[in-house]
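Accompanying notes for the structure given below.
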Amino acid sequence: MRQLIADWSSDQQAFHVAWGKAMMWIFLLSDTFIFGCFLTSYMTVRSSTTVPWPNPSHVFALNIGGSEVPLILIAIMTFVLITSSGTMAMAVNFAYRRDRVNAAALMFVTAGFGEMFVCMQAFEWSKLILEGVRPWGNPMGAAQFGSSFFMITGFHGLHVTAGVIYLVVIAIRLLRGHYERSGNYQIVEIVGLYWHFVDLVWVFIFAFFYLW
Amino acid sequence: MTETTAHQQHPIGLYLKVWALLFVLSTLSYLVDYFHFQGHLRWGLIIVLMLLKAGLIVAVFMHMAWERMALICAILIPPIALLVLVGLMSSEADYTFLTRLLFFR
């Protein structure tokens, strides 16, 4: 027992990066498994149902100028999220140059795009609920469509909302000079990792749920 | 620590290029749906575009390309286990589907 404690408690370090960054990566890895399980269960219910699956191309179409444009809202949401990822990458870059005003400003822009994404998702949810989509059934086809949709996009939307709050909190602390004492702006890169991960998950949801 | 910090300074131009590339790839994956590609072409394009986008985000935006090998392995290898889950569940789903065809129609 003493030997085991000695082996595990001595000053060993596997990851020669800041501990906060290593921890965020490990959290993101666990989140990967959560979303992986959601997408896998979606695959399972979709390929095991005998009722035809609703065509996402039609379900998520919007009427613009009298003609139906397939999936347009989802495409705009994708571009908004990618744009926010771009501004976040620039914020991290400015943080490394210790330019805290620009870094914080870009983080606020990122949070703004994130909020825009959440609003569009709320619009999409209300539209589908009005059309009669429920977790237990819908007028378009397989009942499992509703539960998969609300579960996967809901959990992703929750991540985006949490990310917006996280970004705003860190940006305010950065502006107030909270990180001047340690002189370490590493936290901006850690927030960035979380934000890019949210974008990364959307890439998979977009491909598997909306395009498939 | 200072060593890793120094590693992560990249020109803004690199981010802008990747950003533009992500826009192009997203537009292409949207066009896959818009032009109603079907069959293997559709699935192939969706998967390839998705993996390209995911790779760009992880490698450049999340700085994985410049990270230490120990961290890269610890983060990128475990998700392969998900492929095993996908394999198991797809055979299970086929079985459920066939059973439903037999008994619930």
ask   = Taking A:ILE129, is it away from chain B (no Cβ under 11 Å), free of Cβ contacts under 8 Å to residues at least 40 places away in the same chain, aliphatic (A, V, I, L, M) and part of a helix (DSSP H, G or I)?
value = yes
query = Applying the selection to the stretch A:66-89, what residues are more than 15 Å from A:GLY114 (Cβ to Cβ) and not hydroxyl-bearing (Ser, Thr, Tyr)?
reply = A:GLY66, A:GLU68, A:VAL69, A:PRO70, A:LEU71, A:ILE72, A:LEU73, A:ILE74, A:ALA75
ask   = Checking A:MET23 against (1) assigned to a helix (DSSP H, G or I); (2) of a type in the set (A, V, I, L, M, F, W, C); (3) at the interface with another protein chain (Cβ under 7 Å from one of its Cβ atoms), which single condition isn't satisfied?
value = (3)
message = Among the residues in the stretch B:49-65, are any more than 19 Å from the chain's Cα centre (by Cα) and either facing chain A (nearest Cβ under 8 Å) or not in a helix (DSSP H, G or I) (or both)?
response = no
request  = Inspect the stretch A:38-50 for any residue being more than 9 Å from chain B (Cβ to nearest Cβ) and without any contact (Cβ under 8 Å) to a residue 12 or more places away in the chain and give the result as yes or no.
outcome  = no
task = Kindly indicate which of B:LEU28, B:LEU82, B:LEU16, B:LEU22 is more than 17 Å from the chain's Cα centre (by Cα) and surrounded by 13 or more Cβ atoms within 10 Å (Cβ to Cβ).
result = B:LEU16
key: Qualifying position, being farther than 24 Å from A:GLY36 by Cα, out of contact with any strand residue (DSSP E or B) (no Cβ under 9 Å at 6 or more places or on another chain), surrounded by fewer than 17 Cβ atoms within 10 Å (Cβ to Cβ) and in contact (Cβ under 8 Å) with a residue 60 or more places away in the chain, among A:GLY112, A:GLY141   = A:GLY141
query = With (1) exposed (fewer than 15 other Cβ atoms within 10 Å of the Cβ); (2) hydrophobic (A, V, I, L, M, F, W, C); (3) closer than 30 Å to B:ALA93 by Cβ as the list, and A:ILE172 as the residue in question, which single condition is left unmet?
reply = (3)
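All of the numbers you see were taken from the coordinates with simple rules; none came from a lab. Remember, predicted model here, so these are calculated numbers, not experimental data. Here Cβ is always computed from backbone atoms with ideal geometry, including for glycine, and neighbour counts include all displayed protein chains.
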